[in-house]
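For reference, the structure discussed in these notes is given below.
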Amino acid sequence: MKNFLIGLLISAGLMLATQAQSAPVDFEDLHADGDLTALSSPYAGLNWGEDWYYGDTTVDGYGNGAHSGVSFVTNGYGVDNLAVSSTTAFNLAGAWFAAPDTNGAVASWINITAYDAANHVIGSTGNVSIGQSYQWVAANFANVSRVSITRDDGWFVMDDFTVISAVPEPGSLLMLLAGLAVLIVAARKRFVLPVAMAGLLAMLCGGAAQAQSCGTAAGATVCLSAAGSSDNIKLTWTVSGIVTGVQIYRDTDSDANGRTRIAVPSATASTYTDTTPTLGVPYWYWVKFTTTSGSGNSGSATAVRVGAMRSLTSVQLSAQMSPGWNLGNSMEAIGGETAWGNPPANQALFTAVKAAGFKTVRIPLSWTQYADANYNISASWMARVKEVVDAARSAGLYVIINVHWDGGWLQPTYAAQSAANARLAKFWTQIATTFQYYDDYLLFAGTNEVMVTDVYTAPTAENIAVQNGFNQVFVNTVRGTGSNNAQRHLIVQGYNTNIDYTYATNTVPTDTATSRMMMEVHFYDPYNFTLNTSSAIWQWGSIATDSTATETWANESYVDTQFQKMKTRFVDKGVAVVLGEYAASLRTEYDTAGKYRQYWDQYITKSAYQHGLVPVYWDNGPSSNHQSGLFNRATGAQAYPAVITAIVNAAK
């Protein structure tokens, strides 16, 4: 029995020693001979995306390229969102990164996001700053099937991609357990394991998590893992040794300095559920433990609270979104959020919009004025956009965000196509990455009213091809960012959002997701009634009493016919339709009570809803004459309760 116990302990020690070993991929068997060369996949037992290139320190501008030895890999052509994957799950400790010493654009931060076999997010490192000296980016992710490596701009180099050995082979673990069973029987049915055996079992059970986040101190080892869901982040830990107390700490980066204690569970606890994380924010956790001889910390474990993506088609989702309301002339204003006279968006406003009965808010957005020459969006503006989106979500609203007019650079011509595609992809990569963990209450709309500036006639074949291409670039870019964006409901636009042009010319982009697409059109007919406030046309529809004050071509039957086109062309074929803008301006010089405006707003809402469209009213902010504002933007107070009630009730 003594010999068996000794052998068992030795074999267990060998197993645990093997588990603790790391296996850095150092690329030293690759010989670039002074040129960057495409990396052939698979390599080192892993599958590498097509944009990985390898080089050595003789490549011009890459003298600092290697962390160890002389070889490294880099993002070929400076592309973003590179993947490393495996058909067999692996544990990733991290990798070394640097910005090459080249004259081109280089990365200033790196983000590693890990996914499991079901393409669910395991965790993210967050944005880790890098420079020309190599920086270790710690991952500590277990059971990884794929990692996505993103950066802000330009080139980066990577070396010593470090994989930690997998959990014990089932056969080896079974042999150990069998040996323990024999030992128990030999104990003459006392069924009490020696203390040493209990410690060994704890080590074996904790060994599987060592690659994630273990820490040893004061005679104990604590191994921590973290997993995010739509509601919380759950921590699980194992203990080897005897601890007298545990505390849970949390931070939004991997640096333990500045972390905050969030809980003090019992000393015997092995799980804790954090219900307070902000959706989409990576968090790092530690278990601080005490023993009779001191204290220590587990390694850090990271996870993200990931929003739920329900099994709803876009048509099913759209049935829950009516009516909608636009935060117009605010976040898309050229010159800043308040440049066009509206106060900053706030929680009180969104809460009031929801309380009034609206279910969706569309938030038009400008991006170029907040980006550098390489179209890197400023962190402060992205944070402001996120703040506004979060406020709308906190109110319980569906949220649509887009790239709005933004200065008019989305010109549907061959001459502008290449540059516009690149900028559109650059913006949506950053936007989609920022919101990748949000649930399906957040929708992305690629563009807004794309047309050749001041040309309102029917589009040419060139215009159609380029504009449909913008839609495809948007869809491909968002899907490529992974996480929840792989299944997010996306909104593409018809040409100039004109119903007739859309019906005749727009195609639905190809998509890797099934039934997650919507088409957007706008409606302002007849123009002389809705928007041309210099016109004498101020009555509309069957209630009109003055034929000289009406344009009868765009009456109720016309509205129904237009919306039926969208139903037949898209909704009936599984593509939801968003009526992203519609409104009639107030005309108190003719209609003091606003009778005709209210009737038009009500009828458009009702017909759109009955034809399966999502009506989203265009509120431009001011509630004065010749405007379309419905709420006080500062307080959320209703400026026109009767119009609001008419719109809300029409979508029932």
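The values are calculated or read from the model by the stated rules, or taken from the named source; none is laboratory data. None of the values given here were measured: they were computed from a predicted structure. Neighbour counts are summed over all protein chains in view; Cβ atoms, including those assigned to glycine, are modelled from backbone coordinates with ideal geometry. Accessible surface areas use protein heavy atoms only, side chains included; no ligands, DNA or RNA. Shrake-Rupley method; radii C 1.70, N 1.55, O 1.52, S 1.80 Å.
Work from the charge dipole of the chain (Cβ charges, +1 for Lys and Arg, -1 for Asp and Glu, about the Cα centre) and give the residue of 319, 223, 638 farthest towards its positive end. With unit charges placed on the Cβ atoms, the residue in question is 223. In the chain, helical runs assigned H by DSSP with n ≥ 4 each contribute -39500 (n - 2.57); averaged across all residues and rounded to the nearest 500, the mean residue ellipticity at 222 nm is -8500 deg cm²/dmol.
Would you work out the charge dipole size for the chain about its Cα centre, treating the Cβ of every Lys and Arg as +1 and the Cβ of every Asp and Glu as -1, and quote it to the nearest 20 debye? Don't skip to the answer; put the middle values down first.
Working: 34 positive and 47 negative charges, 577 e Å.
Dipole of the chain, to the nearest 20 debye: 2760 debye.
Please compute the per residue accessible area over the chain with all protein chains in place, 1.4 Å probe, rounded to a whole number of Å². List each step's numbers first, then the result.
Numbers: 26080 Å² over 652 residues.
In whole numbers, the chain has 40 Å² accessible per residue.
Near the amide H of residue 64, within less than 5 Å, lie the amide hydrogens of 101, all on another chain or at least 5 residues away, with H placed in the peptide plane. Ordering 540, 412, 611 by the projection of their Cα atoms onto the charge dipole of the range 314-651, which places +1 on the Cβ of Lys and Arg and -1 on the Cβ of Asp and Glu, puts 611 at the extreme positive end. Once both axes come from the Cα atoms, what is the angle between helix 347-356 and the longest principal axis of the chain, in degrees from 0 to 90, rounded to 10? Taking Cα atoms only, the helix is inclined about 60 degrees. Model label sites at residue 373 and residue 295, defined 7 Å from Cα along the beta-carbon direction, differ in position by 5.2 nm.
Taking 0.36 nm per residue of sequence separation and subtracting the Cα-Cα distance, how much length would be gained by fully extending the chain between residue 311 and residue 88, in nm to one decimal?
Values: separation 223, 0.36 × 223 = 80.28 nm, distance 2.77 nm.
That pair, residue 311 and residue 88, stretches by 77.5 nm at full extension.
Projecting the Cα atoms of 232, 263, 104 onto the charge dipole of the chain (Cβ charges, centred on the Cα centre) puts 263 farthest toward the positive pole. Using the Cβ-Cβ distance between residue 120 and residue 592 with R0 = 45 Å, the FRET efficiency computed as 1/(1 + (r/R0)^6) comes to roughly 0.20.
Couplings for the range 637-650, taken from phi via the Karplus curve 6.51 cos²θ - 1.76 cosθ + 1.60 with θ = phi - 60°, read 5, 6, 7, 9, x, 5, 5, 4, 4, 4, 5, 5, 5, 6 Hz in order; Gly and Pro are left as x.
Within the accessible surface of the range 581-624, defined with a 1.4 Å probe on protein heavy atoms only, the carbon and sulfur portion equals 45 percent. Dipole magnitude for the range 314-651: about 760 debye, using +1 per Lys or Arg Cβ and -1 per Asp or Glu Cβ, origin at the Cα centre.
Each part gets one Cα centre, and for the range 101-122 versus the range 324-355 those centres are 33 Å apart. The share of Cα pairs per 10 Å bin across the chain, counted from zero up to the longest distance, runs 3, 14, 21, 21, 16, 11, 8, 4, 1, 0, 0 percent. Take the Cα of residue 545, step 7 Å toward its Cβ, do the same at residue 346, and the gap between the two points is 4.2 nm. Shown in residue order for the range 363-372 are the 3J(HN,Hα) couplings computed by the Karplus curve 6.51 cos²θ - 1.76 cosθ + 1.60 at θ = phi - 60°: 10, x, 9, 9, 10, 4, 5, 10, 10, 7 Hz (x for Gly and Pro).
How much of the calculated P(r) for the range 37-164 lies past 22 Å, in percent of all Cα pairs? The proportion of pairs with Cα distances above 22 Å equals 28 percent. Nonpolar atom fraction for the range 37-164, defined as the carbon and sulfur part of the 1.4 Å probe accessible area, stands at 47 percent.
Using a 1.4 Å probe on the protein chains only, how many percent of the accessible area of the range 213-305 belongs to carbon and sulfur?
Details: 1730 of 3900 Å².
The value for the range 213-305 is 44 percent carbon and sulfur by accessible area.
The label point for residue 534 and the one for residue 60, both projected 7 Å from the Cα toward the Cβ, are 5.9 nm apart. Put simply, the amide H of residue 362, placed in the peptide plane, has neighbours under 5 Å in 325, 326, 327, 400, leaving out anything fewer than 5 places away on its chain.
Taking 0.36 nm per residue of sequence separation and subtracting the Cα-Cα distance, how much length would be gained by fully extending the chain between residue 419 and residue 262, in nm to one decimal? Could the numbers behind the result be given before it?
On the way: separation 157, 0.36 × 157 = 56.52 nm, distance 4.81 nm.
That works out to 51.7 nm of additional length.
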